[in-house]
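To start, the structure under review is shown below, and the notes come after it.
The values are calculated or read from the model by the stated rules, or taken from the named source; none is laboratory data. Owing to the predicted nature of the structure, the values given are computational and were not obtained by experimental measurement. So basically every Cβ, Gly included, is an ideal-geometry build from the backbone, and we count neighbours across all protein chains shown.
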Amino acid sequence: MASSSKKISDFRTLKKAVKQVNEDRRKQEEARKKAERQAISDRELFLKAVGDVMPLNAKDRIEPVFSSPKPIPAQRIADEKQALCESLSDEFSVESLLETDEALSYARNGIGPDVVRKLRRGHWVIQDQLDLHGMRRDEAREMMVEFLRQAAIRGIRCVRIVHGKGLGSVNNEPVLKKLVHKWLVQRLDVIAFCQAKPADGGSGAVVVLLKGR
């Protein structure tokens, strides 16, 4: 008798489970049909909103051409920068090229004396400056080369280079000052230079006039 009751209970449980599965399938089917009806309704609303349209002729389409940006020639720039630094000799004799005045002025061949006079008087506004204080020789040379290169790119004409008075060097010799003069006269973009006015650094700086574009 107990065995018969257990079979009836198991049958009822199975029947209930089958009924639940069928109910779940029915709900899933209703949800699917509802989604399909919603998609059709949305499409109809879209077509009604855009009105009568005609597709474009694919034959007349021009595919856009996107050109990738050119790579920055970092190595070439570094090589050119290094070559410029190495081309500036520390042994270059500059004394014969400087005017024997208190400002140790310099003007490239073909540049009239009025240019130097104007430079001394501040005719050109100083647009940028470089401070080489405390730098070693090679570091100062590299910094000056890069500074003048950037000035040329920006179209700057007049700059100030602060080299110091050499008060902290051996025998108070203005070593960096002499080197800056040597380097400047070897550059083709330097038209003239002279010692800065007292308000601009005096004997511890030089004002440089650069070639225009």
Write out, first by first residue and then by second, each pair whose Cβ atoms fall under 9 Å of each other, whose residues are 6+ apart or on separate chains, and whose first residue, in region 123-135, is closer than 16 Å to R149 by Cα while the second is of a type in the set (A, V, I, L, M, F, W, C) and part of a loop (DSSP other than H, G, I, E, B). Q127/I156; D128/I156
Taking the stated definitions as given, is E142 assigned by TED's automatic domain parsing to the domain that holds C158, over 16 Å from G212 (Cα atoms) and modelled with pLDDT of 90 or more? yes
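Taking region 111-122, which residues are free of Cβ contacts under 8 Å to residues at least 40 places away in the same chain and buried (at least 16 other Cβ atoms within 10 Å of the Cβ)? I'd like the intermediate steps shown before the answer.
Step one: filter region 111-122 for residues free of Cβ contacts under 8 Å to residues at least 40 places away in the same chain, giving 112-114, 117-118, 121.
Those that are free of Cβ contacts under 8 Å to residues at least 40 places away in the same chain and buried (at least 16 other Cβ atoms within 10 Å of the Cβ): none in region 111-122.
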Those residues of region 178-204 that are in a helix (DSSP H, G or I), over 20 Å from M143 (Cα atoms) and of a type in the set (K, R) come to a total of 0
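From K197, K177, K211, which residue is among the charged types (D, E, K, R) and buried (at least 17 other Cβ atoms within 10 Å of the Cβ)? First the steps, then the outcome.
Working: K197 fails: buried (at least 17 other Cβ atoms within 10 Å of the Cβ); K211 fails: buried (at least 17 other Cβ atoms within 10 Å of the Cβ).
None of the others qualify; the one that does is K177.
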Apart from one, (1) under 14 Å from D131 (Cα atoms); (2) modelled with pLDDT of 90 or more all hold for G166; the odd one out is (2)
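Hey, does region 189-202 have a residue that's among the polar types (S, T, N, Q), under 23 Å from N109 (Cβ atoms) and modelled with pLDDT of 90 or more? Explain how you work it out, then say what you get.
Applying the first criterion (among the polar types (S, T, N, Q)) to region 189-202 yields 195.
So of that shortlist, the ones also under 23 Å from N109 (Cβ atoms) come out as 195.
This time we only want the ones that are modelled with pLDDT of 90 or more, so: 195.
Yes: region 189-202 contains one or more residues that are among the polar types (S, T, N, Q), under 23 Å from N109 (Cβ atoms) and modelled with pLDDT of 90 or more.
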